[in-house]
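**Student:** Okay, handing you the structure first.
The values are calculated or read from the model by the stated rules, or taken from the named source; none is laboratory data. A quick note: this is a predicted structure, and the numbers were derived from the prediction, not measured. Every residue, glycine among them, receives a Cβ derived from its backbone with ideal geometry; neighbour counts consider all protein chains shown.
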Amino acid sequence: LAHRLGLVSLVADARKFSYRREGEPASDTNTLVFRLEAAHRAEKAHVKSGELRWVPQEEQAALLGGADAVRPVHADIVLAGSLQEEDEGTTTSVEGRTIKINAAVDPPGNARRDWEIIVDIADRLGRRRYFDFDSTRQIFDEMKVASHGGTADYNGMTWERIEAEHGIFWPCPEPGHPGTPRLYEGGVFAHTDGRARFHAVPFRESAEVVDDEYPIWLTTGRVVSQYLSGTQTRRIAALVEQYPEPLCEIHPRHAERLGVLTGDLVTVTSRRGSMTLPARVVESIRPDTVFIPYHWPGDRAANQLTNRALDPMSKIPEYKVSAVRVAKAEGHVEIRDKRVTALTDSAAGTPSVAGTEITS
């Protein structure tokens with residue numbers, strides 16, 4: 001947004017959006033505040049409420065709390081927004097189920113709800129007519145109209161129905177429609193003849209394959225108690241307690257060749273880097289493959305090892321397939337993994353897959 005306005009760094013004294021160290025109180029020296037009223041460059045103007053001025057490079061450290069202050073690396077403007085739990089609206093899961101979200105708490109301090117910030121920016125840019133909303137219900141009502149006739153059709157949904165029915169699956173094209181829990185049920189697909197289309201795709205090797213120097217496949221993924229980069233779930237003590245650090249899952253045959261037991265440290269090395277972490281010996285992985293979850297940053301980040309090669313069509317990095325070598329390192333730690341990973345026969349109540357014991 002700042003680049004579109006021809007500005008690099010902005011400061012004003014109107015709405016007091018704070019950017020400071022966690023736990024540090026706001027003050028005149030560590031609060032970056034923002035309000036858009038003009039789209040012109042105002043390099044020499046005095047700061048007045050609602051105006052903008054250019055902030056020279058040498059002044060930015062002082063404005064952000066000193067030379068050692070935590071500051072945005074890629075941002076020109078920091079807006080103190082809201083979490084899902086601080087607003088009312090809907091969310092739709094990957095299975096197409098729309099559920100109602102009710103605010104549990106208000107945004108803290110000077111933070112504002114995200115939709116209010118967007119509407120305010122649109123107003124200051126002279127585009128309020130395209131964002132003429134006073135509530136999230138109005139936004140949902142517009143989405144119902146905009147989606148009508150499409151695959152993800154919300155037209156027949158209301159907040160009251162969504163709450164009463166514990167969620168509605170799209171498409172739900174008309175009031176009273178039950179929703180569609182399973183797309184294409186009955187074998188009718190979204191083509192004029194109702195038939196599906198299959199597209200043959202030639203096989204192509206991964207960008208990186210195993211060889212004598214890097215003979216083991218590395219795949220990365222998630223564990224049940226964490227989500228993506230963990231920036232939210234690693235703040236929740238009960239979830240961290242289940243699985244507090246990345247572990248290298250390794251098959252017993254591979255572990256035996258290395259002389260590794262659960263809790264022993266191993267070093268995993270690829271063509272891009274290496275990391276040392278505890279091993280977790282499991283039978284739920286192939287002998288030629290190791291698994292490391294990706295929820296931690298810095299020297300515990302699995303993406304130190306992964307391959308950045310892009311898929312030619314989707315342009316998605318090939319993080320799931322890399323060639324590595326694994327070696328036993330010095331040291332042993334007690335690991336904690338409270339996941340229940342054994343598959344259980346629901347009738348007999350007995351494990352149907354072995355080797356998934358919980359280790360403490």
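Yes/no matrix, rows are residues, columns are (1) in contact with a Lys or Arg (Cβ under 9 Å, 6 or more places away or on another chain); (2) touching a residue at least 24 places away in the same chain (Cβ under 8 Å); (3) closer than 23 Å to MET313 by Cα; (4) part of a loop (DSSP other than H, G, I, E, B):
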position	(1), (2), (3), (4)
ALA152	no, yes, no, yes
ASN155	yes, no, no, yes
ILE162	yes, yes, no, no
GLY194	no, no, no, yes
ARG197	no, no, yes, yes
VAL201	no, no, yes, yes
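**Student:** Pick from ARG195, ARG182: which is over 24 Å from LEU310 (Cβ atoms) and in contact with a Phe, Trp or Tyr (Cβ under 7 Å, 6 or more places away or on another chain)?
**Tutor:** ARG195
**Student:** Still on this structure, I have one more. Kindly check whether there is at least one residue in the range 90-102 that is surrounded by fewer than 17 Cβ atoms within 10 Å (Cβ to Cβ), of a type in the set (D, E, K, R) and at pLDDT below 95.
**Tutor:** Scanning the range 90-102, I find at least one residue that is surrounded by fewer than 17 Cβ atoms within 10 Å (Cβ to Cβ), of a type in the set (D, E, K, R) and at pLDDT below 95, so the answer is yes.
**Student:** Here is a list of conditions, (1) buried (at least 17 other Cβ atoms within 10 Å of the Cβ); (2) over 19 Å from the mean Cα position of the chain (by Cα), and PRO246 meets all of them except one; can you say which number that is?
**Tutor:** Here PRO246 clears every test but (2).
**Student:** Moving to a separate point now. Residue check: is ARG272 within 23 Å of TYR243 (Cβ to Cβ), in a loop (DSSP other than H, G, I, E, B), among the basic types (Lys, Arg) and at pLDDT 95 or above?
**Tutor:** No: the conditions fail for ARG272.
**Student:** Let me ask something additional. Tell me the residue from LYS328, LYS315 that is under 26 Å from ASP211 (Cα atoms) and modelled with pLDDT of 95 or more, please.
**Tutor:** Step by step, each of LYS328, LYS315 is checked, and only LYS328 is under 26 Å from ASP211 (Cα atoms) and modelled with pLDDT of 95 or more.
**Student:** Can you name the condition, by its number, that THR359 falls short on among (1) exposed (fewer than 12 other Cβ atoms within 10 Å of the Cβ); (2) at pLDDT below 95?
**Tutor:** In the conditions (1) exposed (fewer than 12 other Cβ atoms within 10 Å of the Cβ); (2) at pLDDT below 95, THR359 misses (1) alone.
**Student:** In the range 81-115, which residues are hydroxyl-bearing (Ser, Thr, Tyr) and farther than 20 Å from PHE131 by Cα?
**Tutor:** Within the range 81-115, THR92, SER93, THR98 meet the criteria.
**Student:** Any residue at all in the range 270-289 that's in contact with a Phe, Trp or Tyr (Cβ under 7 Å, 6 or more places away or on another chain), farther than 15 Å from ASP337 by Cβ and surrounded by 21 or more Cβ atoms within 10 Å (Cβ to Cβ)?
**Tutor:** No, because not a single residue in the range 270-289 is in contact with a Phe, Trp or Tyr (Cβ under 7 Å, 6 or more places away or on another chain), farther than 15 Å from ASP337 by Cβ and surrounded by 21 or more Cβ atoms within 10 Å (Cβ to Cβ).
**Student:** I'd like the full set of residues that are in a helix (DSSP H, G or I), closer than 21 Å to LEU79 by Cα and basic (Lys, Arg), limited to the range 102-147.
**Tutor:** Scanning the range 102-147 gives ARG124, ARG128.
**Student:** Hey, among the residues in the range 290-315 that are free of Cβ contacts under 8 Å to residues at least 40 places away in the same chain, closer than 21 Å to THR233 by Cβ and not small (Gly, Ala, Ser), which one's surrounded by the fewest Cβ atoms within 10 Å (Cβ to Cβ)?
**Tutor:** Here the answer is ASP299.
**Student:** Filtering the range 205-225 down to residues that are at pLDDT 95 or above, part of a loop (DSSP other than H, G, I, E, B) and farther than 22 Å from ILE316 by Cα, which residue is farthest from the chain's Cα centre (by Cα)?
**Tutor:** For the range 205-225, the residue satisfying everything is ASP212.
**Student:** Also, I was wondering about something else. Residue under question is ARG253, and the condition is that it be more than 23 Å from THR233 (Cβ to Cβ), at pLDDT 95 or above and within 26 Å of the chain's Cα centre (by Cα); does it hold?
**Tutor:** When the stated conditions are applied, ARG253 does not pass them.
**Student:** With the checklist (1) modelled with pLDDT under 90; (2) within 26 Å of SER93 (Cα to Cα) in hand, flag the one item PRO202 doesn't pass.
**Tutor:** (2)
**Student:** Please specify each residue of the range 189-228 satisfying the condition of being hydrophobic (A, V, I, L, M, F, W, C) and crowded, with 17+ Cβ neighbours inside 10 Å.
**Tutor:** Within the range 189-228, VAL210, ILE216, TRP217, LEU218, VAL223 qualify.
**Student:** Might you check whether a residue that is modelled with pLDDT of 55 or more and either among the hydroxyl-bearing types (Ser, Thr, Tyr) or not in a loop (DSSP other than H, G, I, E, B) (or both) occurs anywhere in the range 335-342?
**Tutor:** Yes: the range 335-342 contains one or more residues that are modelled with pLDDT of 55 or more and either among the hydroxyl-bearing types (Ser, Thr, Tyr) or not in a loop (DSSP other than H, G, I, E, B) (or both).
**Student:** Right, next: Return the residues of the range 259-268 that are among the β-branched types (Val, Ile, Thr), crowded, with 19+ Cβ neighbours inside 10 Å and either without any contact (Cβ under 8 Å) to a residue 60 or more places away in the chain or assigned to a strand (DSSP E or B) (or both); say none if nothing qualifies.
**Tutor:** VAL266, VAL268
**Student:** Are any residues in the range 229-239 without any contact (Cβ under 8 Å) to a residue 12 or more places away in the chain and either exposed (fewer than 13 other Cβ atoms within 10 Å of the Cβ) or among the hydrophobic types (A, V, I, L, M, F, W, C) (or both), and if so, which ones?
**Tutor:** THR231, ARG235, ILE236, ALA237, ALA238, listed by residue number.
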